[in-house]
Amino acid sequence: MPADVAHTLESTLIGLADGQADEVAARLRELGPDRCATALLGELSSRALLFPEPAGKTAVRATLRLGAETLEYEVVLGGGSAEVRPGPAPDALAGFTQDLVELLRAVYGAPGRHDATFAPRVADPERPVMDPADPVITQRAAAVTALHQLSGALSRPERSLNELAVRFESDKWGGHWYTPHYDRYFAPLRNSPVTLLEIGIGGYDAPDQGGASLRMWKHYFPRGTVHGLDIYEKHGIAEPRVLPLRGDQGDPEYLAKLAADIGPFDIVIDDGSHLNHHVLISFQALFPHVKPGGLYVIEDTQTAYWPGWGGDATDLNAPRTSMGMVKGLLDGLNHQERPAGENSDLSYTDRNISGVHVHHNLVVIEKAVNAEQGAPSWVPRDVDPESWYTGPARDE
Ligand SMILES: C[S@@+](CC[C@H](N)C(=O)[O-])C[C@H]1O[C@@H](n2cnc3c(N)ncnc32)[C@H](O)[C@@H]1O
């Protein structure tokens, strides 16, 4: 697995963003101000595409300052794409100046109050404009829209997960009704620098197809690193913070190496083959590499009932099916309540699962040390249910 998959410039910048201003500036100089500025403008532009665009391709001039150094870029927006080009943009009607350290904070820092060095500017026409049909009016309007795209993205509005699912054409909303559940569990992690792995990129054997959900996660977690795993080669869907890997979710040795290279994970989502034995292998291999406080999600558990997929519609507790395995986790969750002697041989999942949430075809497993003590020993375990809590007998 290439080292750049485990550690990218973006992940370095995310780790740096909340540091002291002078230390951050020194580190940006070490990393190369131009590389960092290009990466940050690229990230900002990708977020800008979620805003209304100008009618045609429109250039914005970005002037970034790092101490006495000035860096100039042309950001071209419109037509559903964004491009960052080095050098000044002499023809751009709109532009902005910003401190590079502050741009880093605004893009990848924890949300909150930041410096306010962003200075937008729209050029005034060089001659009087008397005719409403003068093209300079349309050009200026396009420049203002393009500038709004960038300044809007800089303010980091939180789009709903449903909105992002629709924007990136993920079937996690519409085809399935998963996104409201995801939002409920993932919202507390939204502004954390999460490491997410989703098994199953989509698009099957086409190297540049798929990745809808990975792009959705990228924009849901603005400081996140999103890895996708697929049995097929998927290099064509790679973009900053979206990193495809090729491998088999049914191969525990491969998964152990993957986890050692890019884990531990805040979130793992299994949306791969949905074959029951693959779901079990992946869970056993990867759940130990989920961080405490993290989540492991299994999608499309309907296959637990489909014999052709290794499921079973008659033996509903069969431990070889995904739902049979999930049901087995439930008694482990309450292991403290079993007689003391039965707790001597606890499994990894008994000790490390703090919650199991089951929805239609979707299971969310919460990871945390499960050492909460059981009910006190003086509470009698053997009671007569006929007389317990019925109160003292009364004479009629
Ligand atoms: C349902 S699609 C994933 C869709 C994607 N997660 C999304 O929401 O946009 C399932 C993917 O799993 C991949 N897959 C199938 N078997 C696999 C395996 N053994 N290991 C890894 N990926 C596998 C397929 O190639 C396919 O691209």
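For residues that are surrounded by fewer than 22 Cβ atoms within 10 Å (Cβ to Cβ) and either among the small types (Gly, Ala, Ser) or outside the structural domain of VAL358 (by TED's automatic domain parsing) (or both), tally how many sit in the stretch 165-199. Result for the stretch 165-199: 4.
Does the stretch 267-278 contain any residue that is assigned by TED's automatic domain parsing to the domain that holds HIS227, of a type in the set (Gly, Ala, Ser) and outside any helix (DSSP H, G or I)? The answer is yes, given that some residue of the stretch 267-278 is assigned by TED's automatic domain parsing to the domain that holds HIS227, of a type in the set (Gly, Ala, Ser) and outside any helix (DSSP H, G or I).
Within the stretch 231-278, the set of residues being charged (D, E, K, R) and within 18 Å of the chain's Cα centre (by Cα) comprises GLU239, ARG241, ASP266, ASP270, ASP271. Those strands (runs of 3 or more DSSP E) of the stretch 43-127 in which 3 or more residues are of a type in the set (Val, Ile, Thr) occupy 58-66, 69-78.
Rundown of residues vs (1) buried (at least 17 other Cβ atoms within 10 Å of the Cβ); (2) hydroxyl-bearing (Ser, Thr, Tyr); (3) in contact (Cβ under 8 Å) with a residue 60 or more places away in the chain, yes/no style:
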residue	(1), (2), (3)
VAL326	yes, no, no
PRO339	no, no, no
SER344	no, yes, no
TYR348	no, yes, yes
SER377	no, yes, no
ARG381	no, no, no
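Among the residues of the stretch 51-61, the ones that are crowded, with 16+ Cβ neighbours inside 10 Å and either more than 15 Å from ALA94 (Cα to Cα) or without any contact (Cβ under 8 Å) to a residue 60 or more places away in the chain (or both) come to 2 in all. Please verify whether ALA142 is under 30 Å from ASP115 (Cβ atoms), not assigned by TED's automatic domain parsing to the domain that holds HIS7 and not in a loop (DSSP other than H, G, I, E, B), treating the condition exactly as stated. Taking the combined requirement at face value, the residue does not satisfy it.
In the stretch 9-42, what residues are within 17 Å of PRO86 (Cα to Cα) and outside any helix (DSSP H, G or I)? GLY32 - this is the single residue of the stretch 9-42 that is within 17 Å of PRO86 (Cα to Cα) and outside any helix (DSSP H, G or I). Taken over the stretch 62-77, the criterion of being farther than 19 Å from HIS148 by Cβ, without any contact (Cβ under 8 Å) to a residue 24 or more places away in the chain and touching a Lys or Arg at 6+ places or on another chain (Cβ under 9 Å) is satisfied by GLU72 alone.
The values are calculated or read from the model by the stated rules, or taken from the named source; none is laboratory data. Predicted model, so just to flag it, every value in this text is computed and none were measured. Note that each Cβ is placed from the backbone with ideal geometry, even for glycine, and that neighbours are counted across all protein chains shown.
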